[in-house]
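One structure below.
The values are calculated or read from the model by the stated rules, or taken from the named source; none is laboratory data. What you see is a predicted model, and the numbers here were worked out from it, not measured in a lab. No Cβ is skipped: glycine too gets one built from the backbone with ideal geometry, and neighbour counts run over all protein chains shown.
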Amino acid sequence: MLNTNKKIAIITPGGDAPGINTCIRAVVNCAIDSGFEVVGVMNGYQGLIDEIPVRRLDAEVVKNIIHSGGTMLKSSRCTQIKNPAGLSKAVKTLKKNKITHLIVIGGNGSVIGAEKISKSGISVICIPVSIDNDIFGTDETVGFDTAINTAVGAIDKIRDVAISFDCVFIIEVMGRHHGFLAVEVGLATDAEFILVPEIKQDINKICDKLKEYQKKKKTSAIIVFAEGCGDVKKLAKQISHNTGIKIRTDTVGYIQRGGHPSARSRNLASRFGSFAIDLISKGYKNRVIVLHKSEIKSLSIQKVISEKKEVDIETLKLAEKFARY
Ligand code: F6P
């Protein structure tokens with residue numbers, strides 16, 4: 001029977017990540033089982049501001065999407081949600097459609113938009129989905145594992161070239177302002193150096209090490225470079241200039257955001273999606289779902305946006321330990 005007190009809308013703002021569709025599927029199926037009506041908002045927060053008609057979601061619509069990349073609800077970057085005029089238009093659209101609960105499937109920026117909407121009286125639940133894994137409180141976001149594997153696959157191939165040609169590559173991975181993705185990718189690819197924005201790099205140290213490598217006949221190396229560190233080409237030039245070693249650069253790029261979600265990303269998406277409906281059924285409001293030490297829980301949106309997630313220094317140290325001649 002339909003529970004007429006609750007009408008849920010799902011929105012997928014910001015950068016997409018593998019596992020969003022899996023998550024939409026989980027939310028829709030669990031919501032229907034609980035008797036809630038579910039609709040989808042197209043194009044992220046921009047769709048609310050532009051009053052794009054919402055789309056009714058049911059088991060038929062979300063059939064056979066568990067493995068597909070991207071987001072069936074599409075997305076956009078929307079800065080207007082942060083200003084009062086944009087926010088008020090978005091809230092008006094939600095109220096016009098009689099939405100009582102909004103489920104935001106997205107990353108850091110999406111949580112900030114969600115916090116603003118939550119002040120309107122509409123209850124908001126955020127499901128952390130992002131390749132950057134930069135949301136406070138959760139050990140992992142949906143899509144992170146897939147992005148790691150995509151970048152690792154690409155870097156393994158570049159490593160073949162580096163070994164064959166005795167050369168040094170600096171490879172840029174995504175992660176926005178953080179190095180969470182770079183750290184995991186660096187450890188998994190046995191990178192000689194991992195550069196992350198959270199830790200100031202001593203270029204002279206890298207240069208000295210590369211020269212030392214060359215003396216000891218280690219002629220290839222991989223430097224994993226998180227995009228938040230700045231200009232990869234500039235760094236390559238600097239290192240080349242200081243060492244006389246030719247440095248090649250490459251970027252893994254948007255393939256990290258697309259493609260089939262890994263089993264781990266899918267299963268996390270399904271668990272988070274189901275938990276979101278549990279929270280709504282139990283009357284919880286304005287929460288972010290998190291995975292903490294293998295347990296799924298929720299934190300208040302306020303807490304999540306006011307705290308900062310730290311990069312894992314121990315993993316960086318471990319990767320450093322393995323870099324050898
Ligand atoms: O947040 C996901 C992400 O891919 C970041 O890693 C990257 O910095 C950013 O989005 C790129 O965004 P855009 O789609 O605006 O180019």
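The single condition among (1) surrounded by fewer than 24 Cβ atoms within 10 Å (Cβ to Cβ); (2) within 13 Å of the ligand (Cβ to nearest atom); (3) hydroxyl-bearing (S, T, Y); (4) in contact (Cβ under 8 Å) with a residue 12 or more places away in the chain that T79 does not satisfy is (4). Residue count for segment 114-141, restricted to those that are in contact (Cβ under 8 Å) with a residue 12 or more places away in the chain and more than 18 Å from H177 (Cα to Cα): 12.
Looking at the structure I just gave you, is A236 in contact (Cβ under 8 Å) with a residue 12 or more places away in the chain and in contact with a Lys or Arg (Cβ under 8 Å, 6 or more places away or on another chain)? Taking the combined requirement at face value, the residue satisfies it.
Hey, among the residues in segment 210-242 that are within 16 Å of the ligand (Cβ to nearest atom) and hydrophobic (A, V, I, L, M, F, W, C), which one's farthest from D156 (Cα to Cα)? Steps first, please.
Kept after step one, since they are within 16 Å of the ligand (Cβ to nearest atom), are these residues of segment 210-242: 224-232.
Now drop any that are not hydrophobic (A, V, I, L, M, F, W, C), which leaves 224-226, 229, 232.
On the way: V224: 12, F225: 15, A226: 17, C229: 22, V232: 19 Å.
It comes out as C229.
Looking only at segment 246-272, residues that are of a type in the set (G, A, S) and in a helix (DSSP H, G or I) come to 5 in all. The single condition among (1) farther than 17 Å from P13 by Cβ; (2) crowded, with 24+ Cβ neighbours inside 10 Å that P128 does not meet is (1). Conditions: (1) within 16 Å of the ligand (Cβ to nearest atom); (2) among the basic types (K, R); (3) surrounded by 14 or more Cβ atoms within 10 Å (Cβ to Cβ). R55 meets all but one. Number of the miss? Against the list (1) within 16 Å of the ligand (Cβ to nearest atom); (2) among the basic types (K, R); (3) surrounded by 14 or more Cβ atoms within 10 Å (Cβ to Cβ), R55 comes up short only on (1). For segment 166-180, indicate whether the set of residues that are touching a His at 6+ places or on another chain (Cβ under 9 Å), within 30 Å of A26 (Cβ to Cβ) and surrounded by 16 or more Cβ atoms within 10 Å (Cβ to Cβ) is non-empty. No, because not a single residue in segment 166-180 is touching a His at 6+ places or on another chain (Cβ under 9 Å), within 30 Å of A26 (Cβ to Cβ) and surrounded by 16 or more Cβ atoms within 10 Å (Cβ to Cβ).
Look at segment 9-33: where a residue is more than 26 Å from R176 (Cβ to Cβ) and a partner is assigned to a helix (DSSP H, G or I) and not acidic (D, E), sitting 6+ places away or on another chain with Cβ atoms under 6 Å, you get C30/S274; C30/I277; A31/I277. Each residue in segment 273-318 was checked for being part of a strand (DSSP E or B) and in contact (Cβ under 8 Å) with a residue 12 or more places away in the chain, and 10 of them qualify. Considering the conditions (1) more than 16 Å from the ligand (Cβ to nearest atom); (2) touching an Asp or Glu at 6+ places or on another chain (Cβ under 7 Å); (3) not assigned by TED's automatic domain parsing to the domain that holds E227, N133 is excluded by exactly one of them, (1).
Of all the listed residues (D278, D312), the sole one being outside the structural domain of A191 (by TED's automatic domain parsing), acidic (D, E) and more than 30 Å from L210 (Cα to Cα) is D278.
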